[in-house]
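Notes follow once the structure below has been shown.
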Amino acid sequence: MFPIRPKNLIFCTLSFYLLVPLLLFSLSWAKDIGRKGVYVGSKACQACHEQEYQNYVKYARKSKSFSSVLKMKKGLTQEEIRKCYTCHTTGYGKPGGFVSLEETPHLKNAGCEVCHGPSKAHAESGNPAYIKRKVSLETCQICHTPERVRAFRYKPLIHGGGH
Ligand code: HEC
Ligand code: HEC
Ligand code: HEC
Ligand code: HEC
């Protein structure tokens with residue numbers, strides 16, 4: 001039996017007070033990875049979601065959205081071109097998002113993560129708790145703004161544009 005001596009009691013109490021905060025800290029840290037996340041790019045999803053990946057590459061214009069910017073960049077200032085990146089790339093201006101063609105080529109198109117959110121933690125673990133399945137129309141409207149919908153006479157439906 002574990003003898004109840006003052007020395008052992010102190011030891012137990014101390015380790016309790018040390019371990020509990022440590023446990024709470026690591027739990028909140030694990031949750032943070034899932035929530036904040038980092039972008040990985042669409043290619044990283046292919047191994048586990050071949051069907052969605054192939055559909056996206058074949059049918060979604062998002063998979064070529066960077067080339068749309070390149071096509072029209074003549075006559076635009078660097079400043080104006082950077083504005084295009086907000087919608088035509090993945091995560092531009094956000095932590096771990098697109099920076100430039102040289103630094104982050106894997107994020108140059110508007111990829112899976114513009115709808116499903118930054119997915120590094122999910123892609124590394126395959127854990128569905130780390131990914132957003134339900135995509136709201138508000139998410140689409142960040143890029144498919146009212147002016148753009150008018151200009152293109154086109155309103156996206158929730159199940160188009162991805163796969
Ligand atoms: C290592 C394998 C793996 C990789 C890589 C991966 N996933 Fe998954 N994903 C899974 C598994 C396993 C599930 C859960 C199985 C299921 O419900 O079909 C899942 C489920 C999902 C779901 C549905 C979640 C739900 O609640 O049903 C979405 C959306 C998703 N993944 C998106 C992505 C995206 C986007 C990427 C790339 C950034 C990606 N996945 C990369 C393994 C992976
Ligand atoms: C990060 C910005 C962004 C978000 C978020 C976004 N889109 Fe798009 N989407 C684009 C861009 C950019 C294009 C045009 C790509 C091109 O032609 O260069 C596009 C094209 C489309 C198209 C045109 C046809 C096709 O199949 O490519 C549809 C449909 C579409 N999006 C639907 C949606 C829907 C539905 C949502 C929300 C679930 C959504 N989009 C969210 C940026 C976005
Ligand atoms: C607010 C988000 C947003 C910004 C900023 C943006 N785009 Fe787009 N762009 C879109 C969306 C959404 C579509 C798809 C429109 C549709 O089909 O409904 C699109 C489509 C396009 C297309 C395809 C047109 C076609 O029908 O083939 C080109 C080219 C394009 N954008 C170039 C640019 C350039 C260049 C810039 C910067 C000067 C830019 N975009 C800025 C969201 C944006
Ligand atoms: C334009 C937005 C958009 C893009 C881009 C997008 N998805 Fe989705 N995804 C959705 C929507 C909407 C659903 C359906 C969610 C629901 O069930 O309500 C979905 C569902 C899924 C699911 C769950 C299974 C299913 O088919 O319902 C997986 C897995 C998935 N997406 C993976 C991907 C991968 C991998 C990519 C990139 C190759 C990607 N998605 C790109 C919008 C998008």
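Here are some notes:
- Summing charges over neighbours of Leu76, with a neighbour being any other residue whose Cβ is under 14 Å away from its Cβ, gives +3 when K and R count +1 and D and E count -1.
- When the pairs Lys74/Lys134; Lys64/Lys94; Lys64/Lys134; Lys74/Lys120; Lys71/Lys134; Lys43/Lys74 are compared against a 31 Å limit on Cα-Cα distance, Lys74/Lys134; Lys74/Lys120; Lys71/Lys134 fall above it.
- Prolate/oblate/rounded label for the range 88-138 (Cα gyration tensor, a/c 1.5): oblate
- Short-range pairs are left out: with C-alpha atoms under 8 Å and at least six residues apart, the relative contact order of the range 37-151 is 31 percent.
- Each residue in Tyr92, Tyr39 was given a count of other beta-carbon atoms within 10 angstrom of its own, and listing them fewest first yields Tyr92, Tyr39.
- Per-residue packing, averaged as other Cβ atoms within 10 Å, sorts the ranges 49-55, 93-99 into the order 93-99, 49-55, beginning with the highest.
- Calculated FRET efficiency for the pair Glu124/Tyr59, C-beta based, R₀ 30 Å, to 0.05: 0.65
- Added length on full extension, which subtracts the Cα-Cα distance from 0.36 nm per residue, Val135 to His106: 8.2 nm
- Among Ser63, Ser68, Ser136, the order by Cβ neighbours within 10 angstrom, fewest to most, reads Ser136, Ser68, Ser63.
- Between Met72 and Cys48, the simple label model (points 7 Å from Cα in the Cβ direction) yields a spacing of 3.5 nm.
- If you wrap the tightest convex hull around every Cα atom of the range 37-151 and split its volume per residue, you get 116 Å³.
Just so you know, all these numbers are worked out from the coordinates, no wet-lab data involved. Worth saying up front: this structure is predicted, and the values here are computed from it rather than measured. Please note: Cβ atoms are built from the backbone with ideal geometry, for glycine as well, and neighbour counts cover all protein chains shown.
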